[in-house]
Amino acid sequence: MIGTWVTNGLPHSVHPDKIKLEFEMALPSDYNERVYAGVLGKLIGVYLGRPIEGWTYDKIMSELGEINYYVHQKLGVPLVVSDDDISGTFIFLRTLPDYGNSFEVTAAQIGQTWLNYLIEKKTVLWWGGMGNSTEHTAYLRLKNGMSAPASGSIEVNGKVVAEQIGSQIFIDGWGMISPGNPEQAVELARKASSVSHDGEAIYGAQVVAAIEAQAFVESDLNRLLDTAVSFIPKDSVIYRMIGDIREWHSAENDWRIAREKIASNYGYDKYGGNCHMVPNHALIIHALLYGDGDFQKSLMIVNTCGWDTDCNSGNVGCILGIRNGLEGIDNGPDWRGPIADRLYLPTADGGRCITDAVHESMEVVNIGRKLQGEKSVHFKNGARFHFELPGSTQGFQAEDSAAASGVATVENVLGHSMNGNRSLAIHYQNLTIGRAARISTPTFLTPEALSMKGYDLCASPTLYPGQPIEAILSADSANKQPVICRVYAGVYDKDSNLINLYSSETILAPGSSDKINWIVPDTGGFPVASVGVELTSKTPVGGSVYLDYLTWSGVPTATFGPTGSGNIWRRAFVEGIDQFHAGH
């Protein structure tokens, strides 16, 4: 990086509202993959910690033991859920493209983005009320005409409310659009944090953002911490606490003993409110140091320690995803397979709710590129599902029904692409009459998501009747026999059950390929919940077929209205209103 940080003559520890950043920076050659690893790390961390959010260390050790892998099945809850840590991270970053991708973006504009995308009492935030939920308090300030940063200030909301954890959990995107430039990350983090927070909460968020930005070019954890703390006041609690933890780490090898020191000196009993920044920030630093840079070990420590596990684990996962890359995530248990890149972003922009880690990673990448005056990247002519990032499946999973269970697996592989580098392999075995291989990805709320508890999940489908789907499939040259292929759409019926609508068949001989074009037929007003590929055969066979890409475009020709006895038709609309009454 070559550049300067211009602060109108002020030292960089002083932050005026208007700061101009001037620099030239070469984006890392592996920027796409490192951002993707950061996004995956965030998702893995959140999904790992969410089921035990709020648990104490003692409860975790008593009921579960050390948290080395996902625990959702043990606790009877879904793995992929809507969560404020994920939603806020990627939604609030939309300020930049909405306001021209300028370094001059203001806290007030970020606050306006809150008003533009949040549906009050429904999406993203914990709507706990004025003076109780920090974010809800800030939202009400904004809604009533107060601009940021006043909306999140200690002067307006009081010290305890202003220093809760929310600023930290939403901050990762600002670090990922600032690769190798912690100065930029820190300044953007200050603006973003000040919408709802102040004081120590801003300093903690700046530390996380600085570490993430610098992790693109630096792997040494102590040097990352040195860089990060250089941007916050030396008389702050966050600065002093980080120094204490580093000192304890140098003298004590056992992370459990160090955790006790954190609980004794910076625990929940020392700081008021529902979920204070300071204790949880401590666990992030603690896990980074005692985890020795290892992805699984660090997540184990930060989750086993308890408190706000999904938040802390999400930040640690993102930091180490950026630092270690995809290889660091894959060097251990299968973190990626169970989540299959899936995530939800519920907002007033209903069509962006059902998304995946690849799509959101490239949104982040292209913001970072635009800030550097670079052109956006769009793989395979902008295909929605292109599989160009290593290991990505973009939500595609094998169906686990009676007719299809155990027949197919999916794998991201090199090659088998007409204008790209990678494709999605569909490996099948024991394919025969009555046994189909089906893989699909969500385009709307899945049956599991319809009953999801916790943060509200508002969404519109991404695919509609009348839109043409295009996909390219090729059969492995080593296949012994042809295979029958179809594209299909999973659609809810009047009883809210899923049925499949199919394209015409195409037969793929070994080594051949074909492009499937199919217009989604009329569904009678019911939402399209998934899109996928089916493979069948009239004789027993095994082999592999490769999905190069799958995409759609065009204007729908759908009609909408109350249908059937259920309310699935209503769930297909984002209700940004106070009351909704369905008539006859």
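The values are calculated or read from the model by the stated rules, or taken from the named source; none is laboratory data. The model shown is predicted, which means the values in this text are computed figures rather than measured ones. Counting neighbours? That spans all protein chains shown, and the Cβs are built from the backbone with ideal geometry, glycine included. In case anyone asks, the SASA skips ligands and DNA or RNA and just uses the protein heavy atoms, side chains included. Shrake-Rupley method; radii C 1.70, N 1.55, O 1.52, S 1.80 Å.
Before moving on, here are some points about what is shown:
- Set side by side, the residues G267, G306, G321 differ, and just one is at pLDDT 95 or above and on the phi > 0 side of the Ramachandran plot, which is G306.
- Residue in the stretch 358-379 that is surrounded by 15 or more Cβ atoms within 10 Å (Cβ to Cβ), in contact with an Asp or Glu (Cβ under 9 Å, 6 or more places away or on another chain) and closer than 24 Å to Y502 by Cβ present: no
- Subset of the stretch 410-443 [part of a strand (DSSP E or B) and either polar (S, T, N, Q) or touching a helix residue (DSSP H, G or I) at 6+ places or on another chain (Cβ under 6 Å) (or both)]: N412, S423, Q429, N430, T432, S440, T441
- Hey, K370 out of contact with any helix residue (DSSP H, G or I) (no Cβ under 8 Å at 6 or more places or on another chain), basic (K, R), part of a helix (DSSP H, G or I) and modelled with pLDDT of 95 or more or not: no
- Any hit, the stretch 508-526, residues being among the aliphatic types (A, V, I, L, M), open to solvent by 60 Å² or more (accessible area, probe 1.4 Å), assigned to a strand (DSSP E or B) and out of contact with any Asp or Glu (no Cβ under 9 Å at 6 or more places or on another chain): yes
- The stretch 81-107 - residue that is in a helix (DSSP H, G or I) and of a type in the set (S, T, N, Q) and, of those, surrounded by the fewest Cβ atoms within 10 Å (Cβ to Cβ): S87
- Test for V186: is it of a type outside the set (F, W, Y) and surrounded by 24 or more Cβ atoms within 10 Å (Cβ to Cβ): yes
- Residue list for the stretch 142-160, restricted to those being open to solvent by 60 Å² or more (accessible area, probe 1.4 Å), of a type outside the set (A, V, I, L, M), farther than 13 Å from Q109 by Cα and under 29 Å from the mean Cα position of the chain (by Cα): K143
- A single member of N253, N265 is in a loop (DSSP other than H, G, I, E, B), open to solvent by 50 Å² or more (accessible area, probe 1.4 Å) and either of a type in the set (S, T, N, Q) or free of Cβ contacts under 8 Å to residues at least 60 places away in the same chain (or both), and it is N253.
- Listed by first and then second residue, the pairs linking a residue in the stretch 76-101 that is over 19 Å from E363 (Cα atoms) and of a type outside the set (G, A, S) to a residue that is assigned to a helix (DSSP H, G or I) and modelled with pLDDT under 95, with Cβ atoms under 6 Å apart and 6 or more places separating them unless they lie on different chains, are P78/E448.
- Residue check for S401: free of Cβ contacts under 8 Å to residues at least 60 places away in the same chain, open to solvent by 40 Å² or more (accessible area, probe 1.4 Å), assigned to a loop (DSSP other than H, G, I, E, B) and of a type in the set (S, T, Y): no
- Residue in the stretch 445-502 that is surrounded by the most Cβ atoms within 10 Å (Cβ to Cβ), counting only those that are in contact with a helix residue (DSSP H, G or I) (Cβ under 8 Å, 6 or more places away or on another chain) and hydrophobic (A, V, I, L, M, F, W, C): A459
- Enumeration of residues in the stretch 59-74 that are open to solvent by 60 Å² or more (accessible area, probe 1.4 Å), touching a residue at least 24 places away in the same chain (Cβ under 8 Å) and over 22 Å from the mean Cα position of the chain (by Cα): K59, M61, E66
- Among (1) crowded, with 17+ Cβ neighbours inside 10 Å; (2) modelled with pLDDT of 95 or more - the single one L21 does not satisfy: (2)
- Cβ pairs under 6 Å, 6+ apart, first in the stretch 38-54 and in contact (Cβ under 8 Å) with a residue 24 or more places away in the chain, second part of a helix (DSSP H, G or I) and open to solvent by 10 Å² or more (accessible area, probe 1.4 Å): P51/H72; P51/L75
- Residues (crowded, with 17+ Cβ neighbours inside 10 Å and either on the phi > 0 side of the Ramachandran plot or hydroxyl-bearing (S, T, Y) (or both)) located in the stretch 534-550: T536, S537, G543, S544, Y546, Y549
- Residue in the stretch 305-320 that is in contact (Cβ under 8 Å) with a residue 60 or more places away in the chain, open to solvent by 10 Å² or more (accessible area, probe 1.4 Å) and in a helix (DSSP H, G or I) present: no
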